[in-house]
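First comes the structure, then the notes that go with it.
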Amino acid sequence: MTILVTGSAGHLGEAILRTLRRRGSSARGIDMKPSPFTDAVGSIVDPDFVRAQMEGVTAVIHSATLHKPHVATHSKQAFIDTNVTGTLNLLESASAAGAKSFVFTSTTSAFGSQLRPGAGEAAVWVTEELPSVPKNIYGTTKLMAENLCELFFRERRLPVVVLRTSRFFPEDDDDPAMRSAYTLDNAQANELLYRRLDIADAVSAHLLAVARAGEIGFGRYIVSATSPFAQHHLAALAIDAAGVVRELHPDCAELYAARGWRLFPQIDRVYVNERARRELGWHPEFDFAHVLRSLRAGHDFRSALAREVGAKGYHDAAFDDGPYPVAR
C-alpha cells in the first residue's frame, strides 16, 4: 500500500509522514511548500499535478487546507479553490486510480454557530448528529468538501472517512483575553477536557481510518480527546466548570496550584468521540487524566510526536498582536 499525504509540510501531514516512515510504510507527501516530508511540490488546485502524484497510490490522507487562521488573510475564492476544488481534484484522481480508501481531515468548525450556547443555557453536547451551521468561509468550505466526499462514495463507491478534528495546533490562542489570563500550557491542558486533541492521537485516528474505510464505506467522525464529562454535567459546566472538574479529579486542585495554573470557570461545549472509538477502534491516549499523571511525574503532557513536530505558525509573516490576524 502506498499512501499519498497532502499537506506534508503542515502540522498533521508531517506527523503522519513521520509515523509512516518510522513504520517502513510506503508514503508520499505533497505540499505547496518544500519540506523534509514533501516528495513533490505543487498545488492540489492543479488537476494535472494531482493526477501525476496519484500513480501507484492505494490510499489518500487529505490534510492540506486553508483553515481558520487564513480567514482574515485569504479571499473566499482562495478557500473555495483549495478546500473545495482541491478536494474535488483529489477525489476524481483517487477514484480514477482505483484507490481503496480516502481519508479527509475536516474540522469541528463545521458545526460553527451551534457550538456556542445562548446566555444561561447549558454547554453543548457535540456529537455527529448535531446539525452543521458554519459561521465563516473555513467551516463552509470544509462542509462542502465533506459533502463531495459523500457524493463520491455514493456515485463511485470510493470508501471515504471524514474526520472532524478538534484543535491540535501548539500555537497560542487567537483570543488576547485567553493569552493574558492563562499560560499556553495551562490553557491547552484545560482544553483537553473538552475541545483539544494531541497530534499523536490525530495520527492514530487517520491511520485507523485508512485501514477501516473499506468496511465503513462512508463515515463521519468527531476526533477529540476523550472528555471526562457526561451529559448530566452540561448545565453545571456553563456555570461552574472548575467545580465539576474538581469533583471528577479531586487531586487536580493541588497539582494545578503547584504550577500556578487555573481551571476555566465555564465550558461551552463538549466534543464526544464515542463513535470514533467504537467504529474505528480508536484509543486516544492524551486526555485530561494523562495531563494529571504527567504533572504528578513532572513530565510534559504533550506526546513525543507533538514535541518533534513543534510549532510552525500559519503564515510566512509574523504578527505583533497574536499568532494570526482575526477576522472581525
Return only the number of the condition from (1) within 25 Å of S166 (Cα to Cα); (2) out of contact with any strand residue (DSSP E or B) (no Cβ under 7 Å at 6 or more places or on another chain) that D46 does not satisfy.
-> (1)
When both residues are 6+ apart or on different chains and their Cβ atoms are under 7 Å apart, which pairs have a first residue that lies in segment 199-214 and is under 15 Å from R167 (Cα atoms) and modelled with pLDDT of 95 or more, and a second that is part of a helix (DSSP H, G or I) and polar (S, T, N, Q)?
-> V203/T19
Single condition V41 does not satisfy, out of (1) in contact (Cβ under 8 Å) with a residue 12 or more places away in the chain; (2) in contact with a strand residue (DSSP E or B) (Cβ under 9 Å, 6 or more places away or on another chain); (3) more than 19 Å from A209 (Cβ to Cβ) = (1)
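Can you list the helices (runs of 4 or more DSSP H) lying wholly within segment 167-282 that have 2 or more residues being among the charged types (D, E, K, R) and surrounded by fewer than 18 Cβ atoms within 10 Å (Cβ to Cβ)?
Details: elements: 176-181, 184-191, 199-216, 234-248, 252-259, 274-280.
Helices (runs of 4 or more DSSP H) meeting the threshold: 234-248, 252-259, 274-280.
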Go through segment 5-18 and count every residue that is assigned to a strand (DSSP E or B) and either closer than 11 Å to L305 by Cα or free of Cβ contacts under 8 Å to residues at least 60 places away in the same chain (or both).
-> 1
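Just to be sure, is R28 in a helix (DSSP H, G or I), surrounded by 15 or more Cβ atoms within 10 Å (Cβ to Cβ), modelled with pLDDT of 95 or more and among the basic types (K, R)? So that I can check it myself, show each step before the final result.
Details: in a helix (DSSP H, G or I): no; surrounded by 15 or more Cβ atoms within 10 Å (Cβ to Cβ): yes; modelled with pLDDT of 95 or more: yes; among the basic types (K, R): yes.
So R28 does not fit the description; no.
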Report, ordered by the first and then the second residue, all pairs with beta carbons closer than 8 Å, sequence separation of six or more or different chains, a first member in segment 299-321 that is surrounded by 14 or more Cβ atoms within 10 Å (Cβ to Cβ), and a second member that is at pLDDT 95 or above and of a type in the set (S, T, N, Q).
-> F301/S294; L305/T19
Among the helices (runs of 4 or more DSSP H) contained in segment 72-162, which hold 3 or more residues that are at pLDDT 95 or above and loosely packed, with under 15 Cβ neighbours inside 10 Å?
-> 137-156
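The values are calculated or read from the model by the stated rules, or taken from the named source; none is laboratory data. Quick caveat, the model's predicted, so the values are computed rather than measured. Here Cβ is always computed from backbone atoms with ideal geometry, including for glycine, and neighbour counts include all displayed protein chains.
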